[in-house]
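Derivation of every value follows stated rules applied to the coordinates shown; laboratory data play no part. The structure displayed is predicted, hence computed values, not measured ones. Glycine also receives a Cβ, built like all others from the backbone with ideal geometry; neighbour counts cover every protein chain displayed.
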Amino acid sequence: MKLFITVISFLVLIANNVSAQLLIGPVAGFQMNSTIFDDDNSADVFSREFVPAFHFGAVLNHDIDGFFSLHFELKYAQRGRDIRAQGIDLERVVDNFEPNLFVNRFFYGARSRFHFIEVPALLRMSFGREPIKYHFSVGPNVSYWLGGSVKEYEIREDERLTARSRIHFNPSDEPGPVVGPTAQRLQFGLDFGIGTTFDTRAGEKVMIDLRYQWGHSFYSTRSAYDAGVPYEDLRSAHSIFSLSAAYLFEMSLFPEKRGKKVKTKTR
């Protein structure tokens, strides 16, 4: 009910401001992804360090009254995660393999890269005066899991095994990690952001945004891939810090119409 009232309020505000300003343009940025495990054991065993990734897409910002605005984005976003035992340097294991380091020991690591389409819908509050304004944003983020890839590393004593495969959602598609009916491809999160927007000499605007995204949905309702990979705990969500830049063009959805001048004859 609260969500319904909020949406209706937004629509009323927009209806009362049909000549409001629209900003549209491309956006791209860099992000650091981390993992939030549901299982405390996974959180204790596996590393949760941040992994670099990127995103790009389009922005639409609808100014309501100069202070509030509605900010929407449609973008592709990559999410990454490196699953490995705490205290193990994955780069050293992969690139500088030392058999003596793992004698009589077992090591498993996995590098996953997931592909998503994201649609943040944010309420933005702006401060300051042009040509430079500052803003705070908050709102939901809806994303759809397109797929991805995983590279697995397994070391037993003096032997190293490496396997690379694509993630897919239908067991009949091809061999490799399968996230079947337990996958939650439609995911939800919450975004919090701060940033600034300033004018350019050409008359357009540049927006810089620093944002944190808290993932609410798990990748899967079970802990492992259906294919039986025991160490890739997918009952986990994402945690993302991102920095982006957008180049925005100003336009009006309903341009104001000027009345015709009436000439009067004088005698």
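Among 191, 82, which comes first, second and so on when ranked by fewest other beta-carbon atoms within 10 Å?
Details: 191 22, 82 19.
Ordered by Cβ neighbours within 10 Å, fewest first: 82, 191.
In order along segment 205-217, phi translates into HN-Hα couplings of 10, 10, 10, 10, 10, 10, 9, 10, 10, 9, x, 8, 8 Hz, rounded to whole numbers, per the Karplus curve 6.51 cos²θ - 1.76 cosθ + 1.60 with θ = phi - 60° and x for Gly and Pro.
Among 151, 75, what is the fewest-to-most ranking by other Cβ atoms within 10 Å?
On the way: 151 15, 75 20.
Least crowded to most crowded, the residues run 151, 75.
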